[in-house]
Amino acid sequence: MAILNAFILLVIAAITYGTPLLFGTLGEILTEKSGNLNLGVEGIMFMGGAFGLGGVFYYEKLSQNPNGFAAILIALLCAFLAGALASLIFSFITTTLRANQNVTGLALSIFGTGVGQFAGEFMRVRAGGYVTISNALKAFFTASPFPGALQNIPVVGQLLFGNSFFFYLAIVLAVGMHLFLNRTRPGLYLRAVGESPATADAAGINVARYKYLATITGGGISAVGGMVYITTIAMCVWNHEGLSGEGWLAVALVIFCLWRPLASIWGSILFGALMILYLRLQIPFVPTELYKILPYVVTVIVLIISSLRNNKEKQPPEALGLAYFREDR
């Protein structure tokens, strides 16, 4: 019984730590399906975390009777807009100006991290201490949307119904993205743009429009992951180092999940478990640093195996990371 309880606690913690990664991964999958390789997810998640928390922080200060549902909506909106704006800059530089996507993404990562840390520290200094919200509002961000009767079901209650609202939102988003990419005409057009923009352009598909929309929307979704980390794992307290590495893990998870939204659900939970394994399974002679590189090691192994199989379905979009020059068509 003790082993079962320990396993349940591990899975619940893995879901908590994996939810921000799930948002970051889904956003980057949508971006990469258009052929854009945005390596700025780290900076985007920093911006989402800072501006998402900032929106709730100032909403509570200006409101006499803050509402939890409104606070969540404000956090989502502020984070999404921050990520969308950063991704708009990336799209303009890479799609319109046709600059190198790798360099632009790395620059965005540095820029976004700086902007997020500046915004967070600015709020902290202005507040004269920690940037946080009341315990009453914090509870809304970590509480489950399901009634207590479902959560009290033996064994599966906490696993299935005891997680935060954001986890179930991410599940719905993953399923919706899968259906969009595989069952709708705009989704198939988007995949065509990522595979062969020249062919898509010849078929009358507006390549630039699809790249812009996918990248901006994907960046907004990734930024929500940063907000979720700050409001659930960091307990609505700004920490300028709290999000370090989350964006890079999300990029690695995209490869691990082979660019499939549904696979990112269990992949993010697995990565969440690997992130906290050093707290749950401590081996005296194994350094903590080795635990923390496990997600990257697993990603490299999966990448090698998928490359050896040479399966088209398990490869990235063919035009990923390549600028499209219409005159070369």
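The values are calculated or read from the model by the stated rules, or taken from the named source; none is laboratory data. Note that the structure is a prediction, hence the values are computed from the model and not measured. Cβ: placed from backbone, ideal geometry, glycine included. Neighbour counts: every protein chain shown. These accessible areas exclude ligands, DNA and RNA; they are computed on the full protein's heavy atoms, side chains included. Shrake-Rupley method; radii C 1.70, N 1.55, O 1.52, S 1.80 Å.
Answer rounded, prolate or oblate for the stretch 165-259, using the Cα gyration tensor with square roots of eigenvalues a ≥ b ≥ c: rounded when a/c is under 1.5, else prolate when a/b is larger than b/c, else oblate.
prolate
Using the Karplus curve 6.51 cos²θ - 1.76 cosθ + 1.60 with θ = phi - 60°, what ³J(HN,Hα) values do you get for each residue of the stretch 297-302, in whole Hz, with x for Gly and Pro?
Each residue of the stretch 297-302 in turn: 5, 4, 4, 4, 4, 4 Hz.
Would you mind working out the accessible area per residue for the chain, using a 1.4 Å probe, and quoting it in Å²?
48
Taking the chain as a Gaussian network, Cα atoms linked when under 10 Å apart, which of Phe80, Phe271, Phe161 shows the biggest mean-square fluctuation?
With Cα springs under 10 Å in the chain, the top fluctuation among Phe80, Phe271, Phe161 is at Phe161.
Taking amide H positions as placed 1.01 Å from N in the peptide plane, with prolines and chain starts having none, which residues 5 or more places from Ala99, or on another chain, fall under 5 Å of its amide H?
Thr94
Based on DSSP H runs of at least 4 residues, each adding -39500 (n - 2.57), what is the mean residue ellipticity at 222 nm of the chain after dividing by all its residues, to the nearest 500 deg cm²/dmol?
-23000 deg cm²/dmol
Please list, in order along the stretch 184-195, the HN-Hα scalar couplings obtained from phi with the Karplus expression 6.51 cos²θ - 1.76 cosθ + 1.60 (θ = phi - 60°), rounded to whole Hz, x for Gly and Pro.
10, 5, x, x, 5, 5, 4, 5, 5, 4, x, 7
Just from the alpha-carbon atoms, what are the Rg and Dmax of the chain in angstroms?
20.1, 67
From zero outward in steps of 5 Å, how is the percent of C-alpha pairs of the stretch 10-54 spread across the bins?
Each 5 Å bin holds this share of Cα pairs: 5, 19, 22, 23, 17, 10, 3, 0.
Comparing Pro317, Pro66, Pro261, which has the greatest mean-square fluctuation in the GNM of the chain with Cα pairs linked when under 10 Å apart?
Pro66
What does the highest-first list of 16-26, 105-115 look like by mean Cβ count within 10 Å?
16-26, 105-115
Tell me, what HN-Hα J-couplings in whole Hz come from the Karplus equation 6.51 cos²θ - 1.76 cosθ + 1.60 at θ = phi - 60° for each residue of the stretch 37-49, using x for Gly and Pro?
9, 9, 8, x, 4, 4, x, 5, 5, 4, 5, x, x
If the cut-off is 27 Å between C-alpha atoms, which lysines fall inside it for Lys138, apart from same-chain ones fewer than 8 positions away?
Lys61
Heavy atoms only, probe 1.4 Å: what % of the accessible area of the chain goes to carbon and sulfur, would you let me know?
On the chain, the fraction of accessible area on carbon and sulfur atoms equals 68 percent.
Which lysines, if any, have their Cα less than 24 Å from the Cα of Lys314, not counting same-chain residues under 8 positions apart?
Straight-line reach from Lys314, under 24 Å: Lys33, Lys211.
Grab the Cα-Cα distance for Glu318 and Arg98, subtract it from 0.36 nm times how many residues apart they are, and report the gain in nm with one decimal.
Result for the pair: 77.5 nm of gain on full extension.
Normalised by the empirical 2.2 N^0.38 Å for globular proteins, what value does the Cα Rg of the stretch 188-308 take?
1.33
Using the alpha-carbon atoms, what tilt in degrees (0 to 90, nearest 10) does helix 165-183 show relative to the longest principal axis of the chain?
20
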